[in-house]
Structures are given as structure tokens and as C-alpha cells.
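Scroll down for the structure; my scribbles are underneath it.
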Amino acid sequence: LDSANGLGHLPVFLDLKVPAKGAVSTVAIDFGIVSVGQNVTKPLQVTKTGDVALWTANGISPLSYTLNLNNSNFSSSVGPFSEAAGGGSNTHQIRIETATPGSKSSTLTVMTNDPVQPVKVVVLKCLVKALVPPP
């Protein structure tokens with residue numbers, strides 16, 4: 001009330017957070033050549049980036065994201081996931097379906113709350129070969 005009488009000022013408090021920013025460890029995962037029935041997974045890391053030294057961990061919004069696969073040749077947990085600032089990265093195992101032989105490809109889309117690049121696309125490919133019985 002003293003500020004209303006010209007004797008001071010009101011304290012001002014502003015609590016802001018820097019928006020989330022995320023990155024993926026690669027833009028393509030090549031499983032190579034695998035055999036029918038083989039159990040094969042490859043890792044994909046999703047990392048919360050941001051300058052913690054500048055903004056502190058509390059000054060950066062958490063990264064929220066989901067993983068979306070566009071066909072059934074590959075699988076992974078889908079989320080939703082969250083990664084706090086300064087927390088490192090989350091590793092997700094991407095699995096190839098090897099029940100049938102053939103060339104397999106897909107895209108994995110990482111949908112995030114990163115306002116600059118909310119969609120990150122990872123290309124997936126593999127060649128599944130049938131086992132040839134010995135003569």
C-alpha cells in the first residue's frame with residue numbers, strides 16, 4: 001500500500017520457461033540383411049536439448065513426444081513420453097518384423113512439442129532373407 005502513496009514500488013515476479021527442443025540420434029536406421037525369424041532391434045535415442053547452463057533445468061520446458069510408425073513391418077512403444085531438461089536421452093528399441101522375406105521400409109515419425117521442429121522423421125529399412133536349407 002505504501003507504493004500507492006508514492007513511497008515505493010510493487011515487486012514484480014515473472015516466471016518464464018524456454019520452449020522444449022528435441023533431437024533424434026539419427027535420420028535413418030538400416031537393419032541390414034537379416035534372416036526370416038531373426039529377432040532384431042536397433043536403438044533410437046530422443047534427446048531433450050537446450051542450454052541448461054544458461055537457462056537452468058527449471059527454466060526449460062520438458063520435451064513431450066510420441067513415436068508413430070506408418071506400417072506393421074516395424075514396431076516400437078509409442079508413448080507418450082517425456083524428457084526433462086538436463087535428463088539425457090530416452091532410448092527406444094525399434095523392432096523389424098521378420099516373419100516373411102522381402103525388402104521392408106517405413107518411416108517413424110517423432111511428434112514433439114518442440115515449436116521449431118515439432119516433427120522429426122526417421123527412415124527405416126531392412127532386407128529379410130529366407131534361410132536356404134543346406135543341399
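Quick notes
- When Thr56 is tested against (1) open to solvent by 50 Å² or more (accessible area, probe 1.4 Å); (2) within 13 Å of Lys21 (Cα to Cα); (3) modelled with pLDDT under 95; (4) among the β-branched types (Val, Ile, Thr), only condition (2) is not met.
- Within region 10-45, tally of residues that are open to solvent by less than 70 Å² (accessible area, probe 1.4 Å) and modelled with pLDDT under 90: 2
- Residue ID - nearest to Val46 (Cα to Cα), chosen from residues in region 105-135 that are touching a Leu at 6+ places or on another chain (Cβ under 9 Å) and without any contact (Cβ under 8 Å) to a residue 40 or more places away in the chain: Thr107
- Residue selection: Leu131 fails the criterion of being over 18 Å from the mean Cα position of the chain (by Cα), assigned to a strand (DSSP E or B) and either closer than 27 Å to Gly59 by Cα or hydrophobic (A, V, I, L, M, F, W, C) (or both).
- Contact map, region 35-64: first residue in a helix (DSSP H, G or I), second residue of a type in the set (A, V, I, L, M, F, W, C), Cβ cut-off under 7 Å, separation 6 or more or different chains; pairs are Val52/Ile60; Val52/Ala85; Trp55/Val18; Ala57/Ala84; Ala57/Ala85; Gly59/Val18.
- Selection count, region 108-121, where residues are modelled with pLDDT of 95 or more, among the β-branched types (Val, Ile, Thr) and surrounded by fewer than 20 Cβ atoms within 10 Å (Cβ to Cβ): 3
- Failed item, numbered, when Ser105 is tested on (1) within 30 Å of Lys17 (Cα to Cα); (2) at pLDDT 95 or above; (3) of a type in the set (S, T, N, Q); (4) open to solvent by 60 Å² or more (accessible area, probe 1.4 Å): (1)
The values are calculated or read from the model by the stated rules, or taken from the named source; none is laboratory data. If you're wondering where the values come from, they're calculated on a predicted model, not measured in any experiment. Note: ideal-geometry Cβ built from the backbone for every residue, glycine included; neighbour counts use all protein chains shown. Side chains included, ligands, DNA and RNA excluded: accessible areas come from the protein's heavy atoms. Shrake-Rupley method; radii C 1.70, N 1.55, O 1.52, S 1.80 Å.
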